[in-house]
Amino acid sequence: MGRAAEILGVTPGFLRGLDAAKLFVPQRSAGGHRRYSRYQLRLAHRARDLVDQGTALEAACRIIILEDQLAEAQRINAQLQARLDQNPAQETGRG
């Protein structure tokens, strides 16, 4: 945790706050130390940016979760649209 906090320029308490706010759940080493993925570090960096702009930690976490859900929904929508574009007659029941 200390190394991750150092990389991000935050305190270990900030990272514990992200965990408590359920932004992400870090993996644990055999010794019980928190281990963060690159994706989790990117989320933590985004949270730090929002907090630096004056957003409360809980609100920052909620914003990030909603942004992530929106990105996933847009990805699924693009996949479905691509399928429709490939087979428009089949998807509408005309084929």
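The values are calculated or read from the model by the stated rules, or taken from the named source; none is laboratory data. Keep in mind that this is a model prediction, so the values were computed, not measured. Using ideal geometry, Cβ is built from the backbone for each residue, glycine included, and neighbour counts are taken over all protein chains shown. Note: areas computed on protein heavy atoms with side chains; ligands, DNA, RNA excluded. Shrake-Rupley method; radii C 1.70, N 1.55, O 1.52, S 1.80 Å.
Checking the range 5-21 against the condition returns a match, with at least one residue being open to solvent by less than 40 Å² (accessible area, probe 1.4 Å), of a type in the set (A, V, I, L, M, F, W, C), more than 19 Å from Ala71 (Cβ to Cβ) and without any contact (Cβ under 8 Å) to a residue 24 or more places away in the chain. Per the listing Arg83, Arg42, Arg46, Arg35, the residue uniquely basic (Lys, Arg) and touching a residue at least 12 places away in the same chain (Cβ under 8 Å) is Arg46.
Selection of the range 34-63 for residues being outside any helix (DSSP H, G or I), out of contact with any strand residue (DSSP E or B) (no Cβ under 9 Å at 6 or more places or on another chain) and open to solvent by 40 Å² or more (accessible area, probe 1.4 Å) yields Gln53, Gly54, Ala56.
Residues that are touching a Gly at 6+ places or on another chain (Cβ under 7 Å) and aliphatic (A, V, I, L, M) occur in the range 50-67; there is at least one. The residues listed here are Gly2, Gly31; of these, the one that is in contact with a helix residue (DSSP H, G or I) (Cβ under 7 Å, 6 or more places away or on another chain) and open to solvent by less than 90 Å² (accessible area, probe 1.4 Å) is Gly2.
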